[in-house]
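Each remark here refers to the structure printed beneath this line.
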Amino acid sequence: MKKLILALLLFIIFFLTGCSKKETISQVDKIIQRDNLIVGVKTDSKPFGYINKTTGEIEGFDIDIAKYIAKDILGSERKVKFVPVTPATRIEAITSGQVDMVIATMSITPQRQFLIDFTTPYYIAGQTAIVKEDSDIHTFSDLKRKTTIVVLGTTTEQNIRRIIPTARLNGYKNYEEAFKAFKEGQADALSSDNTILSGFLMDNKGYRILKNKISQEPYAIGIKRNEEDESLKKNLNIIITRMQKDGTIRALKKKWQLK
Ligand code: GLU
């Protein structure tokens, strides 16, 4: 009888602990089980993430990084699904779980670090501006009381407001709209990272880029903050270090005509 009670007790304990134990699956295992990586990327920020008008394909520096990661984690660079994001939507795409990560010219900032986690940087950009070739604007201080186009939700917007409070800003929700407005002559300048502006200059004549940069923009991969499971962050940091050491980043800079 005693043995029966003991067995019953053990069964109950086993059952209860089994039920109360949370189903924990690491961020990396989730991706492996799904057999597909879901990455938030830009579609209007040449040469980092943009749609090639001839092929209709999405391509760029950030896209190549995403493919490299898919190859590393899942064995094929084709096992990646791209979800378009803008500066204003990319953090929510991460926190809501819509994407596994965002690789989208996103700078590490202390404010963003409150909401999401970042890997180590994979590229260092800097903020500057473009103007018409014959413009009288040569430095950032010339932007005082001039109209400058920015994309909302970017560090660009914050930096200009802080450094040149008298600059008049016209905000747009993405680069497609911002560049269109700029080409239509709706502002004196358009400010962004040197990387994105160099992409605009690749396709458009009659404009020039200011020589000075007013910030450092360390691009990193944004992921969901999860103190109990840092597996994805650790994996990504290892991959980024390898890409830096084995010449992949250098080759990508060359491929996308970046310095
Ligand atoms: N890198 C800057 C940022 O993270 C601006 C470029 C962008 O729009 O992504 O806000």
- [ ] Determine whether segment 17-39 contains at least one residue that is within 16 Å of the ligand (Cβ to nearest atom) and either at pLDDT 95 or above or assigned to a strand (DSSP E or B) (or both).
- [x] yes
TODO: Considering only segment 79-88, state which residues are crowded, with 19+ Cβ neighbours inside 10 Å and without any contact (Cβ under 8 Å) to a residue 60 or more places away in the chain.
DONE: V80, F82, V85
TODO: Hey, can you tell me all the residues within segment 172-204 that are free of Cβ contacts under 8 Å to residues at least 24 places away in the same chain and in contact with a strand residue (DSSP E or B) (Cβ under 6 Å, 6 or more places away or on another chain)?
DONE: Y172
Open item on the list: Could you go through segment 110-121 and let me know if any residue there is touching a residue at least 60 places away in the same chain (Cβ under 8 Å) and under 19 Å from D44 (Cβ atoms).
Closed with: no
Task: Filtered residues of segment 96-105 (kept if surrounded by 14 or more Cβ atoms within 10 Å (Cβ to Cβ) and either charged (D, E, K, R) or over 9 Å from the mean Cα position of the chain (by Cα) (or both)) - done: Q98, V99, D100
Open item on the list: Which residue is nearest to Q158 (Cα to Cα), if the candidates are limited to segment 197-240 and must be part of a helix (DSSP H, G or I) and within 12 Å of the ligand (Cβ to nearest atom)?
Closed with: L197
Task: Of all residues making up segment 161-196, the number that are outside any strand (DSSP E or B) and either at pLDDT below 95 or surrounded by fewer than 23 Cβ atoms within 10 Å (Cβ to Cβ) (or both) - done: 20
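Would you pick out the residues in segment 209-229 that are surrounded by 15 or more Cβ atoms within 10 Å (Cβ to Cβ) and farther than 20 Å from S107 by Cα?
Pass one, segment 209-229, residues surrounded by 15 or more Cβ atoms within 10 Å (Cβ to Cβ): 210, 213-215, 217-225, 229.
Within segment 209-229, L210, D229 meet the criteria.
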Open item on the list: Just to confirm my filter: which helices (runs of 4 or more DSSP H) fall fully inside segment 49-146 and include at least 2 residues that are within 16 Å of the ligand (Cβ to nearest atom), touching a strand residue (DSSP E or B) at 6+ places or on another chain (Cβ under 6 Å) and under 17 Å from I239 (Cα atoms)?
Closed with: 61-74
Open item on the list: I'd like to verify a number: residues in segment 33-78 that are among the small types (G, A, S), more than 19 Å from the chain's Cα centre (by Cα) and under 28 Å from D203 (Cβ atoms), how many?
Closed with: 1
TODO: Scan (1) more than 11 Å from the ligand (Cβ to nearest atom); (2) β-branched (V, I, T); (3) over 19 Å from K224 (Cβ atoms) for the single condition T155 breaks and write down its number.
DONE: (1)
Open item on the list: Pairs needed: first member in segment 210-223, among the aromatic types (F, W, Y); second member anywhere, part of a loop (DSSP other than H, G, I, E, B) and surrounded by fewer than 24 Cβ atoms within 10 Å (Cβ to Cβ); C-beta distance under 9 Å; at least 6 residues apart or different chains.
Closed with: Y219/I108; Y219/P121; Y219/Y122
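The values are calculated or read from the model by the stated rules, or taken from the named source; none is laboratory data. Owing to the predicted nature of the structure, the values given are computational and were not obtained by experimental measurement. Positions of Cβ are backbone-derived with ideal geometry, glycine not excepted, and every protein chain shown enters the neighbour counts.
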